[in-house]
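Single-structure report; data block below.
The values are calculated or read from the model by the stated rules, or taken from the named source; none is laboratory data. Since we're looking at a predicted model, the values are computed, not measured. Every residue, glycine among them, receives a Cβ derived from its backbone with ideal geometry; neighbour counts consider all protein chains shown.
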Amino acid sequence: MEKLGVGIGWRPEIDLTVERLPGIDFVEVVAENLHVGHLPESVLLLRERGVPVLPHAVSLSLGGAEPVDAQRVAHLGALAEALDAPLVSDHVCFVRAGGLDSGHLMPLPRTRDALDVLVANVKATQQDLPVPLALENVAALLDWPDGELTEGQFLAELVDRTDCHLLVDVANLYANARNLGTDVARFLDEIPLERLAYVHVAGGEEHQGVYHDTHAHAVRPEVLDVLAQLRARVDPPGVLLERDDDYPADAELADELAAIRAVLG
Amino acid sequence: MTGPQRDRLAAAQAELLRALLADGDVPEGFDAERVRIERRALLNKRRGIVEMLRPEVAVELGDRFRPLFDAYAKEHPKEVGTRFREDAARFAEWATARGELQPPRRRRWWRRAT
């Protein structure tokens, strides 16, 4: 995979912060929030500086039972071309079912049925995208019954059957370890790390014994420890900090990026 | 072909979303407490987005915003194709129809009467 370095999620609320933070090697934009015809000035400025801008989608619902909406894929592809992005990403999840929209990234049942449907949807999506697709593990508050595979096995088979890349979110992995009992070491051993595109790091909070992946709180040391466990196995091509709400001072984000760099060594 | 798998997955995912968004029963095999926590997390997220999009509605309702929005959300689970701005507008209309919000003024002072 192409070397990306250390980055941060570009959001309109922190556009100036992202522009002036030192050592930002790449950024990610939420694909659904941008229009190809009128990209934000700040995003265009970053592109002019040569900073890679990676579209990250949240609404393809690749693990949903319905075939993927071609318009959403077309938008993602057009955005990748407008930004000259090396790859795009979405999640291993579903967001819509039975006419309802969860408004969030819902975990999939780890069954053969779900994997078959996900693989078919991912293959169809890849055919319509101009660049490679990376898929991200999500954070779950609840687990489906009757899982036939571990999360690591599920992702490994997904990669094997679709040749997609992986976007490993270490905060989501931590959340699943806390909330569902996922074995972090086993997860990292089972996934094909040679297909790792980059890594997400984010903050969260604990509430009544459950860890919530809020992207609105500081990154916990335990999440950096998961990053260290990943780093012990592979030098990730990129690591990106996500912050989506309750934006702190620039210095605080700079400190979090410095903490990430320290783990990467 | 993935037809049978899709049908089974569709039924299971729809049942879970009904439980989480539309006050449906907890599907068999799920931890009821975790379903309750997820239900609240999704509701908090939806309410937060509406508050961000229509802060004046939340301000006018004050302490009533949260219980009213939660009652609205249970009656009106967010349907596929509904944008968050539409969701926020529908909540404001719903609250207005119940007499909780002042109806929007039809004419602004700077507009010429026609």
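Quick notes on this one:
- When residues of the range A:200-224 are limited to those that are away from chain B (no Cβ under 14 Å) and under 23 Å from A:HIS165 (Cα atoms), the one surrounded by the fewest Cβ atoms within 10 Å (Cβ to Cβ): A:LEU224
- Counted residues, the range A:139-154 - those being more than 8 Å from chain B (Cβ to nearest Cβ), surrounded by 20 or more Cβ atoms within 10 Å (Cβ to Cβ) and in contact (Cβ under 8 Å) with a residue 40 or more places away in the chain: 4
- Which numbered condition B:ALA14 misses (of (1) hydrophobic (A, V, I, L, M, F, W, C); (2) more than 18 Å from A:VAL210 (Cβ to Cβ); (3) out of contact with any Gly (no Cβ under 7 Å at 6 or more places or on another chain)): (3)
- Boolean, B:VAL26 is over 13 Å from the mean Cα position of the chain (by Cα) and of a type outside the set (D, E, K, R): yes
- Positions within the range A:110-142 being within 27 Å of B:PHE84 (Cα to Cα) and not hydrophobic (A, V, I, L, M, F, W, C), in sequence order: A:ASN121, A:THR125, A:GLU136, A:ASN137
- Scanning the range A:178-209 for residues that are in a strand (DSSP E or B), modelled with pLDDT of 95 or more and touching a helix residue (DSSP H, G or I) at 6+ places or on another chain (Cβ under 9 Å) returns A:LEU196, A:VAL199, A:HIS200, A:VAL201, A:ALA202.
- Cross-chain or 6+ apart pairs with Cβ under 7 Å, the range A:231-248 first and surrounded by 14 or more Cβ atoms within 10 Å (Cβ to Cβ), then assigned to a loop (DSSP other than H, G, I, E, B) and of a type in the set (A, V, I, L, M): A:PRO237/A:MET1; A:PRO237/A:LEU4; A:GLY238/A:LEU4; A:ASP244/A:ALA216
- Residue satisfying condition, being in contact (Cβ under 8 Å) with a residue 60 or more places away in the chain, surrounded by fewer than 22 Cβ atoms within 10 Å (Cβ to Cβ) and within 30 Å of B:VAL35 (Cβ to Cβ), within set A:GLY23, A:GLY9: A:GLY9
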